[in-house]
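The values are calculated or read from the model by the stated rules, or taken from the named source; none is laboratory data. Just so it is clear, the model here is predicted, and its values are computed rather than measured. Because the Cβ atoms are built from the backbone with ideal geometry, glycine has one as well, and the counts that use them run over all protein chains shown. Remember, those area values only see protein heavy atoms, side chains included, never the ligands or the DNA or RNA. Shrake-Rupley method; radii C 1.70, N 1.55, O 1.52, S 1.80 Å.
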Amino acid sequence: MNIETLRQALSAIHCFRSDKSNSIVAFNPDTYNMFTVGEQMFQLICHVKHGYTLSEIARILDLSSERIYNILCTIHERIGTPAESLSIGISSAVRYDGPINLSIHVSNTCNLNCSYCYAEGGTYGNESKLRMDPDLALKSVDTMYSNYGSIESILFFGGEPTLGISTIKVICDYIKHKFELGLVSVLPRYAMVTNGTLLTENCVSQIIHEHNISLTVSVDGPECIHDSLRKYRNGDGSFVKVKNGFVNITNLTGRKPSIESTFTPIHEKHGYNIKRLEDYFHAEFGSTIETIVPVNVPDDHPLAFSDPDVVSCDSTSSLFDSLSDRSYGNSPRIERNILYSILQVLMRKPRRFMCPIGYSRFTITTDGDIYPCQLFIGQKEFYMGNINHFNINDPSVDIIKAQNSLEYRDKYRNPKCTTCWAKHLCTACPASSLLKNNNYTTTDEFCMHSKERVELILSTLYELHKSPNTWMQFLENLENLSTVLSKEDDVYHC
């Protein structure tokens, strides 16, 4: 094997230092293999990647060329066989032939007035159509089935989707009828993101139970925090109603809803970091998997963090500091996005998109307009047409324009991503920058924190793997958490 072949094989290797053991870990993103390297081997890898010849490296490290060559061959063996090729299926970013995920807005209004709401009180700036008509809902279902053949999941969204519960029932009954007639081969998974205040209503609870709709309830923490952020329009807090709804739906279905929480400076003022908030949800609601995300608002918003990058980095570090204890202890639990990242590493499954919106995931508004995601509603460059004339096989100007605007979320085409060692494991919300500063491209700061986050994941897994007993217990509990995840709602989260 010549030096150029070895250099090419080693060029993708990324080395980082494990925080716990201070070991240098080499990670090959093409195979997902990790192994420890000493200081000398680390220097050797760096010199090879920077184009030095064997003789130059031998002189720098004071080793024979033969010794260096043997070390390089050993590293090459540890690299392993590449995982699924990233070159598969990149010919078209427009046409997708697999099952899709839909978000259907059945309501464009909300009974709450949350302090950080990006949707202008649930209306998205459009109060002309506050609820989706049943006929339009069925048209939406038929159009997407005719375009893609299969719908993997449907998320009922809003506004507050329980205000459109009758339309939800119409959709579920209609697809069930199509299934019974053999017109669709598999029923979609159903999910709903709700503020939880109407889950005490029997009609709501019965429809959710009848159609096995997984729930994610928005809860922002203890009553004093939640009620300062998630108020009714008259100023009253909503915590008590949400807690009662959570208990009611759990008793009726036998399944606890997932929890989604927005972390704000209000939490910090009350002495809560993300880990303490996660522990609160476990103690108060019995949850094992939560989604906790820092608030995403413009810099001049009263709830904006003074340094959001530090908050994001600190919150990730805080969660990983105790990941092993919480994931293989007596009550294993974990934040949802971290669980997704860990599963991605263990399954060695590369992801083409930061988020597959506009490719395999679509949002349909109450008036039938199609967008890649609810966060882009009202943004002209992301409008993909209306359900009455949507045809992915003959893409309109709107579809092509939206796809071009979304090209940056495609890691096969984004020049920032193509040579990045973390591209297989990086995930992001393409709209987060749009909400914050009206810029929907990825920033250097985001990339830096994403790489730090991936290193924390890899470092934690590497340290856990050192002890066979610990590793087996970790995997067992991880499997249990994954089962909970699949039963709850892997519909909403990318």
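Only residues that are within 15 Å of Leu199 (Cα to Cα), surrounded by 14 or more Cβ atoms within 10 Å (Cβ to Cβ) and of a type in the set (Gly, Ala, Ser) were counted across segment 220-257, and they come to 2.
Select from segment 155-185 the residues that are touching a residue at least 40 places away in the same chain (Cβ under 8 Å) and assigned to a loop (DSSP other than H, G, I, E, B) and list them in ascending order. Listed by number, the residues that qualify are Gly158, Gly159, Glu160. Restricting Thr470, Thr483, Thr443 to those that are of a type in the set (Val, Ile, Thr), out of contact with any Ser or Thr (no Cβ under 8 Å at 6 or more places or on another chain), open to solvent by 30 Å² or more (accessible area, probe 1.4 Å) and at pLDDT below 85 reduces the list to Thr483. Looking only at residues in segment 17-61 that are over 20 Å from Trp421 (Cβ atoms), in contact (Cβ under 8 Å) with a residue 24 or more places away in the chain and of a type outside the set (Ser, Thr, Tyr), the one that is surrounded by the most Cβ atoms within 10 Å (Cβ to Cβ) is Leu54. Within segment 406-422, residues that are within 14 Å of Cys355 (Cβ to Cβ) reach partners that are surrounded by 17 or more Cβ atoms within 10 Å (Cβ to Cβ) and among the aliphatic types (A, V, I, L, M) with beta carbons closer than 6 Å, at six or more positions or on different chains, in the pairs Arg409/Met354; Asp410/Ala93. Residues in segment 353-364 that are out of contact with any Leu (no Cβ under 7 Å at 6 or more places or on another chain) and part of a loop (DSSP other than H, G, I, E, B) were compared, and the one that is farthest from Ile399 (Cα to Cα) is Met354.
On the basis of being buried (at least 18 other Cβ atoms within 10 Å of the Cβ) and either among the acidic types (Asp, Glu) or at pLDDT 95 or above (or both), does Leu112 make the cut? Yes. Residue check: Ile207 meets all listed conditions (1) out of contact with any helix residue (DSSP H, G or I) (no Cβ under 6 Å at 6 or more places or on another chain); (2) surrounded by fewer than 24 Cβ atoms within 10 Å (Cβ to Cβ); (3) modelled with pLDDT under 95 but one, namely (1). Within segment 387-422, the residues that satisfy the criterion of being assigned to a loop (DSSP other than H, G, I, E, B) and within 18 Å of Met448 (Cα to Cα) are Lys411, Asn414, Pro415, Lys416, Cys417, Thr418, Thr419, Cys420, Trp421, Ala422. Of the residues making up segment 324-380, those that are under 30 Å from Pro161 (Cα atoms), in contact with a strand residue (DSSP E or B) (Cβ under 7 Å, 6 or more places away or on another chain) and modelled with pLDDT of 80 or more number 17. Figure legend. Inter-residue proximity from segment 109-126: first residues closer than 21 Å to Phe239 by Cβ and in a loop (DSSP other than H, G, I, E, B), second residues open to solvent by less than 30 Å² (accessible area, probe 1.4 Å) and among the basic types (Lys, Arg), beta-carbon distance below 9 Å, spacing 6+ or different chains. Indicated pairs: Asn113/Arg230; Cys114/Arg230; Ser115/Arg230. Condition first: on the phi < 0 side of the Ramachandran plot, aliphatic (A, V, I, L, M) and open to solvent by 10 Å² or more (accessible area, probe 1.4 Å). Can you find one or more residues in segment 121-132 that meet it? Within segment 121-132 (the criterion being on the phi < 0 side of the Ramachandran plot, aliphatic (A, V, I, L, M) and open to solvent by 10 Å² or more (accessible area, probe 1.4 Å)), the answer is yes, since at least one residue qualifies.
For Tyr280, the criteria (1) buried (at least 17 other Cβ atoms within 10 Å of the Cβ); (2) assigned to a loop (DSSP other than H, G, I, E, B) hold in every case but one, which is (2). Applying the criterion of being hydrophobic (A, V, I, L, M, F, W, C) and in contact (Cβ under 8 Å) with a residue 60 or more places away in the chain to the residues of segment 133-154, the residue that is most open to solvent (accessible area, probe 1.4 Å) is Leu136.
Restricting Asp279, Asp307, Asp299 to residues that are of a type in the set (Asp, Glu), over 27 Å from Glu160 (Cβ atoms) and modelled with pLDDT under 80 narrows the list to Asp307. Kindly check whether there is at least one residue in segment 236-248 that is in a helix (DSSP H, G or I) and aromatic (Phe, Trp, Tyr). Yes, there is a match, as at least one residue in segment 236-248 is in a helix (DSSP H, G or I) and aromatic (Phe, Trp, Tyr).
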